[in-house]
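All remarks here apply to the structure that follows.
The values are calculated or read from the model by the stated rules, or taken from the named source; none is laboratory data. The shown structure was predicted, so the numbers you read here are calculated from the model rather than taken from an experiment. Positions of Cβ are generated from backbone atoms using ideal geometry, with glycine treated the same way; all protein chains shown enter the neighbour counts.
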Amino acid sequence: MAASVLPPRSARTSNASQDLAATTGAAVLGSLTIPGRPEHVREARAFVAKALGELHPGLDNAVLLTSELVTNAVMHSRSRCDGGTVTVLVVESVGGVRIEIADEGSELSSPVVRGDVYASDGHGLYLVQTLADQWGYLRDEGGTTVWFWLGAGTSAVS
């Protein structure tokens, strides 16, 4: 059985996603808050893998994209500062799975996709744009939440 720990309403993950799950029959498979440090990215990957289960058709893409987005949060947001955190939320519905990565934001940068192979950064969001069926982000004074959607038929690109 998947984890079912819900974050408090003050958490950075989208309350709208939790509300939508409650009203549409979708299921919040779990939420995990980790310190905003590089050595904790693997915990986010393991959490998503466990929440989705090894037979989920989008498992490989979900784990890869989660890793990229959590790494971005750790590298480019205030979450990397002492006491900073990153929260991962996994919501599944009949149509697929939505995963959100919430960080503590940055005054210096916002999510940018760079398809240029010579760019020094931005490749993680290029992967998200390429592999996810949909993606986006929300920014406010509390931070940034980047989300992606993998449709029920999405499987890893070989």
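Matching residues to (1) at pLDDT 95 or above; (2) under 21 Å from residue 131 (Cβ atoms); (3) not in a strand (DSSP E or B):
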{"residue": "7", "(1), (2), (3)": "no, no, yes"}
{"residue": "22", "(1), (2), (3)": "no, no, yes"}
{"residue": "41", "(1), (2), (3)": "yes, yes, yes"}
{"residue": "48", "(1), (2), (3)": "yes, yes, yes"}
{"residue": "51", "(1), (2), (3)": "yes, yes, yes"}
{"residue": "57", "(1), (2), (3)": "no, yes, yes"}
{"residue": "60", "(1), (2), (3)": "yes, yes, yes"}
{"residue": "72", "(1), (2), (3)": "no, yes, yes"}
{"residue": "92", "(1), (2), (3)": "no, yes, no"}
So, in segment 121-153, exactly how many residues are in a helix (DSSP H, G or I) and more than 14 Å from the chain's Cα centre (by Cα)? 3
Going through segment 68-105 one residue at a time, which ones are under 14 Å from the mean Cα position of the chain (by Cα) and among the charged types (D, E, K, R)? 68, 92, 98, 100, 103, 104
Within segment 110-138, restricting attention to residues that are among the charged types (D, E, K, R) and at pLDDT below 90, which residue is farthest from residue 63 (Cα to Cα)? 116
